[in-house]
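Trainee: After the structure tokens below, expect a handful of questions from me.
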Amino acid sequence: MIILITNDDGFGSKGIKLLKEIARNFASEIWIVAPDTDRSGAARSLDYPVKQSIGINQHSEREFSVSGTPADCVIIALNKVMNKKPDLILSGVNIGSNVGDDICYSGTIGAVMEGAARSIPSIALSQVYHDKIDWHNTKVFAPKVIAKLVKVGWPKNIVMSVNFPATEKVKGVEFAEQGEYNIDGDLTFTENSNGSFSLNWSREHSGSGSVNKIKEGFITITPVKLDFTDYDTLNAMKNSCADEFSSIAD
């Protein structure tokens, strides 16, 4: 397989180095195209329509850092850097979980969405941590999970988000919805001496779906679709609200 690796924690992250080791189990070629700095929280945003230029720095034959977002990196990799289309895109390994509404903010997820938009199978991998990150569960289980996913396959417009728990014992693998966090408190702002603000989000790391399953010690696999449309609500509104809105354009 030809594999493209990216992330949102940056080219020098330990997670991307680990993912390169993992990819060696499957790949005939490994390409790395990743942000030159930490771009966590970039989601699927793009720098290239705003910036006059984006820098590309080549570190080896197939390793590049880019002064852009994770999504920029995938676009640049596919259209500028690589001389052939990859069979698989891997994003991560992210430092921290991507469950609940993390998925909306995550550059790790944003990168694989760019891949899926181009019909390339794409997997995001994230390692949960508490005080200090331990990559053990990713090292042991990620090769097996990736191999199984590639074997069974999935629709082209879907990305796979895989989260590895921080628990010492892994209980198994759960296919789970992204879930929701139980929100405890609000954002608090502390003004610093220089006039800037420090922010603290008091959020309890428990909830439904994958949020709770990783806390219980399960590896979670969540299919995430590119199309955000809620079709149940859309169809209900077509049936019940069409007359209400029909006169607007008259």
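The values are calculated or read from the model by the stated rules, or taken from the named source; none is laboratory data. Fair warning: this is a prediction, and the values are worked out from it, not measured in the lab. For neighbour counting, all protein chains shown are included, and Cβ atoms are generated from backbone atoms with ideal geometry for every residue, glycine included. Please note that ligands, DNA and RNA were not included when accessible areas were found on the heavy atoms of the full protein model with its side chains. Shrake-Rupley method; radii C 1.70, N 1.55, O 1.52, S 1.80 Å.
Trainee: Kindly list the residues of segment 34-77 that lie in the label zone of residue 20, defined by a backbone N under 14 Å from the point 7 Å along the Cα-to-C-beta vector.
Mentor: Output list for this probe position: 34-36, 58-66.
Trainee: Could I ask something else about it? Just want the answer: with Cβ charges of +1 for Lys and Arg and -1 for Asp and Glu, which residue in 41, 211, 221 is farthest toward the dipole's positive end in the chain?
Mentor: 221
Trainee: At a 1.4 Å probe radius, carbon and sulfur cover how many percent of the accessible area of segment 43-102?
Mentor: Ligands and nucleic acids excluded, carbon and sulfur give 44 percent.
Trainee: Label the chain by shape, choosing from rounded, prolate and oblate, from the square roots a ≥ b ≥ c of the eigenvalues of the Cα gyration tensor; if a/c is under 1.5 it is rounded, and otherwise prolate applies when a/b is larger than b/c, oblate when it is not.
Mentor: Because its axes are fairly even, with a/c under 1.5, the chain counts as rounded.
Trainee: Please check the chain for the longest run free of GluC sites (Glu not before Pro) that are loop-located per DSSP (anything but H, G, I, E, B) and have at most 13 other Cβ atoms within 10 Å.
Mentor: 62-167
Trainee: Which residue, chosen from 135, 77, 99, occupies the Cα position most advanced towards the positive end of the dipole of segment 63-202, where the dipole is computed from +1 (Lys, Arg) and -1 (Asp, Glu) charges on Cβ about the Cα centre?
Mentor: The listed residue farthest towards the positive side: 77.
Trainee: May I pose another question? Can you show me the helix-derived [θ] at 222 nm for the chain, built from DSSP H runs with n ≥ 4 at -39,500 (n - 2.57) apiece and divided by the number of residues, rounded to the nearest 500.
Mentor: That calculation yields -8500 deg cm²/dmol at 222 nm.
Trainee: Still on this model: Along the charge dipole of the chain, Cβ charges K/R +1 and D/E -1, which of 170, 111, 68 sits furthest on the positive end?
Mentor: 170
Trainee: Taking the solvent-accessible surface of protein heavy atoms with a 1.4 Å probe, what is the per residue accessible area of the chain in Å²?
Mentor: 54
Trainee: Could you compute Rg(Cα) / (2.2 N^0.38 Å) for segment 7-52, with N its residue count?
Mentor: After normalising by residue count via 2.2 N^0.38 Å, the value is 1.36.
Trainee: A follow-up question, please. Can you tell me, using C-alpha contacts under 8 Å and at least 6 residues apart, the relative contact order of segment 97-144 as a whole percent?
Mentor: 30
Trainee: Rounded to the nearest 0.05, what FRET efficiency do residue 158 and residue 229 give with R0 = 22 Å and r taken as the Cβ-Cβ distance? Could you check?
Mentor: Efficiency at R0 = 22 Å is approximately 0.95.
Trainee: How long, wide and thick is segment 35-160, going by the Cα atoms along their three principal axes, in whole angstroms, largest first?
Mentor: 40, 35, 30
Trainee: Size of the dipole of segment 1-155 about the Cα centre, Lys and Arg at +1 and Asp and Glu at -1 on the beta carbon, nothing else charged, in debye to 20?
Mentor: Roughly 520 debye, rounded to the nearest 20.
Trainee: Let me ask another. Using a Cα-Cα cut-off of under 17 Å, which lysines could be cross-linked to residue 213, ignoring same-chain neighbours fewer than 8 residues away?
Mentor: 169, 171
Trainee: Over segment 1-58, what is the mean sequence separation of C-alpha contacts under 8 Å (at least six apart), divided by residue count, expressed as relative contact order in percent?
Mentor: Computed value for segment 1-58: 41 percent relative contact order.
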